[in-house]
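A.B. asks: One structure coming up, written as structure tokens, with questions to follow.
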């Protein structure tokens, strides 16, 4: 099987990329078995070595170990996120606890930690480089935070918790995907299409074809499908149906209901934190971030919440007045907000989102993201058609520097499909490193844009275009990494710093120097009219009360869940309701991510107690982009080089605050964030 298993053989594909055409679900179980066994043997050799612990035979050895397992796992989990099926989901349910148990066994190995601890104790005498010292610090801290310093009984319980959380997180994500996959709002006839722009009608037709309903139109629960439907459909009855299905993902009773899963996860996380000596899981989680404490994160969230809520309530009054002015005898509901806000934006700014989309072609926005990277960092993107991909929609570009040297591969997987979980993300099939040679990264961006009809270009909303730039900012963080150790490479940084490069990159999308070149009408090729561009930019802070409230409410509820010291028998629905009542959530706005489909927080551990990170990083990006403005050129070479040298290429070589100070010369002022969102005058 080893000889015939492509996951275990040498990859002779271009750039040693995964040979997707040869990989099938049945290859993963034996590949995981062998890779896990190999990694265990490597760990046992390090742990049981008779030689005195050194940086090389312990810390670097740990860094080298597990390469085969990383390779198999990176392919597997990339597929389960972007192109899964029943067979892969079954394997995922089986392997998640196995991997969690394997990882816990490494960190809770007393003999192994004794060696790591011994190296740490001798650090001053070792003469380590800055990067070696940083790897030692992060490695030692990882062991401590995983419970390595605890007595045996507590280590055993931590291992059990870790394994169970892996099972629950996997099931949570699969439940959300199952609910999304099972739902389709069928629009049958012209009356059901009332108010929809041509681009959305075409995308709905394509979605219907994909589901075997040619000739009809379908709205799915992908954000790029349901949000514009809520924005433009004049059928209030259909908006209500779509909205209620959208917010009920994971809360439909039956096998895919996530409420019991959330309750158990929150309780287990709190127990884990208590075992490690922390007051709550939020205190444990934020102890290793820029914020350092939940109180610091809450201070920022509350500082923004008050002006955002005030603005949202004032806007709600205006929308209610619109309803009444046209004879409506109903109160503004959550499924009405986007529809009436879009009409108000058109009235106040003479700005129609539907008229904007023809100028935002996916291919042109990709080109805009690439061109911005070229002008800032002199990167060159060349499309390749010889690199294997896991789905026909995936595209591949080779990335080179100004001397023509290979930087890495970039994969773009942009379209929604039933086999893909919702949202947008960046992942690394292979991160950058130098320990095992000059290993260049393979980075992917995954999104869920509604694909245009056959032969027609895919048109984006401005939010879609922003998502594209955001994820490409993450991609650059991975591609431009230039460190020795994989553990410190690319986006392996503190959770509330990882969004800084991605959110910073969004700023270029709003610049006339970019839009005037790439926002071209898909039929005429004409650039976006200057007056439309002016109206677009003038409306940047429109409806920010709504957008900020739905986000900050999610971040506050996330922290509320994880600040509970002993959350036993948690009623998730009641907890959500009480938390929102406490902060005065406006009736006509719903959290951007309700708990039962809050994949950032419950489909794994990535943003648990840390969804605030986007706002924290926005303080940095709002202030950081001002550096380019102050230089007098948004493509200023010296500022771009400083960003590259202090942030994009250095991974986790420095603490985030130090990295930011190296870039900007000081820490940021939160007022820049309030100004960016249009709240400065209200604060």
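A.B. asks: Would you list 11, 335 from fewest to most Cβ contacts within 10 Å?
C.D. replies: So the residues, fewest neighbours to most, are 11, 335.
A.B. asks: Measuring from label point to label point, each 7 Å out along Cα→Cβ, what is the residue 287 to residue 164 span in nm?
C.D. replies: Calculated label separation equals 2.1 nm.
A.B. asks: Counting pairs of alpha carbon atoms under 8 Å apart in space and at least six apart in sequence, what relative contact order in percent does the chain give?
C.D. replies: 16 percent
A.B. asks: Which length gain, in nm to one decimal place, applies between residue 606 and residue 531 when the Cα-Cα distance is subtracted from 0.36 nm times their residue separation?
C.D. replies: Between residue 606 and residue 531, full extension yields 22.8 nm more.
A.B. asks: Nearest 10 degrees, 0 to 90: what angle lies between the long axis of helix 495-509 and the longest principal axis of the chain (Cα atoms)?
C.D. replies: It is inclined by approximately 40 degrees.
A.B. asks: Sticking with this one: Within the P(r) computed for the range 183-248, what percentage of the Cα pairs occupies the region above 16 Å?
C.D. replies: Distances greater than 16 Å cover 34 percent of the Cα pairs.
A.B. asks: Hey, with R₀ at 51 Å, roughly what FRET efficiency would residue 44 and residue 348 work out to, going by the Cβ-Cβ distance, to 0.05?
C.D. replies: Details: r = 67 Å, r/R0 = 1.32.
The pair residue 44/residue 348 has a calculated efficiency of 0.15.
A.B. asks: Report the relative contact order of the range 402-461, percent, no decimals, based on alpha-carbon pairs under 8 angstrom and at least 6 residues apart.
C.D. replies: Value for the range 402-461: 38 percent.
A.B. asks: A further question follows. As a test, work out the antiparallel percent of DSSP beta bridges whose residues both lie in the chain, rounded to the nearest 5.
C.D. replies: Of those bridges, close to 80 percent are antiparallel.
A.B. asks: Measure out, as a whole number of angstrom, how far apart the alpha-carbon centroids of the range 319-337 and the range 363-379 sit.
C.D. replies: Answer, in whole Å: 42.
A.B. asks: To continue, here is another question. Apply 1/(1 + (r/R0)^6) to the Cβ-Cβ distance of residue 581 and residue 523, taking R0 = 60 Å, and write down the FRET efficiency to the nearest 0.05.
C.D. replies: With a Förster radius of 60 Å, E is 0.75.
A.B. asks: Round to the nearest 0.05 the FRET efficiency obtained for residue 306 and residue 516 when R0 = 60 Å and r is the Cβ-Cβ distance.
C.D. replies: 0.95
A.B. asks: May I pose another question? At 0.36 nm per residue, minus the direct Cα-Cα distance, what do residue 326 and residue 439 gain on full extension? Give it in nm, one decimal, please. Let's see the in-between values first.
C.D. replies: On the way: separation 113, 0.36 × 113 = 40.68 nm, distance 6.28 nm.
In short, 34.4 nm is gained.
A.B. asks: Let me ask you something else. Highest first, please rank the peptides 61-70, 426-435 by the mean number of other Cβ atoms sitting within 10 Å of their residues.
C.D. replies: Order by mean packing, descending: 426-435, 61-70.
A.B. asks: Moving on to the next point. Provide the packing ranking of 153-162, 499-508, 372-381, 73-82, i.e. peptides ordered by the mean count of other C-beta atoms within 10 Å per residue, highest first. If you can, show how the numbers build up before the last one.
C.D. replies: Working: 153-162: 17.0, 499-508: 24.4, 372-381: 19.2, 73-82: 20.7.
The most tightly packed comes first, giving 499-508, 73-82, 372-381, 153-162.
A.B. asks: Given the Cα-Cα distance of residue 237 and residue 188 and 0.36 nm per residue of separation, how much length would full extension add, in nm?
C.D. replies: On the way: separation 49, 0.36 × 49 = 17.64 nm, distance 1.40 nm.
Here the segment from residue 237 to residue 188 would lengthen by 16.2 nm.
A.B. asks: Any idea how far apart residue 680 and residue 641 come out in nm if each label point goes 7 Å out from Cα toward Cβ?
C.D. replies: Calculated label separation equals 3.0 nm.
A.B. asks: Something else now. Using label points projected 7 Å from each Cα along Cα→Cβ, tell me how many nm separate residue 141 and residue 114, to one decimal.
C.D. replies: Between residue 141 and residue 114, the label points sit 2.7 nm apart.
A.B. asks: On to the next question. Highest first, please rank the peptides 199-209, 384-394 by the mean number of other Cβ atoms sitting within 10 Å of their residues.
C.D. replies: Averaged packing, sorted descending, gives the order 199-209, 384-394.
A.B. asks: List the residues of the range 75-97 whose backbone N lies under 17 Å from a point placed 7 Å from the Cα of residue 156 along the Cα-to-Cβ direction.
C.D. replies: Nothing falls inside the zone, counting backbone N under 17 Å.
A.B. asks: Next question, about the same structure. Given only helices, namely DSSP H runs of n ≥ 4 each adding -39500 (n - 2.57), what is the per-residue ellipticity at 222 nm of the chain, to the nearest 500 deg cm²/dmol?
C.D. replies: Helices in the chain give a 222 nm mean residue ellipticity of -17500 deg cm²/dmol.
A.B. asks: Bin width 10 Å, origin at 0, all Cα-Cα pairs of the range 1-159: what percent of pairs per bin?
C.D. replies: Bins of 10 Å from zero give 10, 33, 30, 21, 6, 0 percent of pairs.
A.B. asks: For the modelled label position 7 Å from the Cα of residue 13 along Cα-to-Cβ, which residues of the range 52-83 have backbone nitrogen atoms closer than 20 Å?
C.D. replies: It comes to 67-83, nothing else.
A.B. asks: Taking Cα centroids, how far is the range 564-614 from the range 146-206 in Å?
C.D. replies: Computed from Cα coordinates, the inter-centre distance equals 15 Å.
Values in this text are rule-based calculations from the coordinates and carry no lab data. What you are looking at is a predicted structure, and each value in this text was computed from that prediction instead of being measured. Here Cβ is always computed from backbone atoms with ideal geometry, including for glycine, and neighbour counts include all displayed protein chains.
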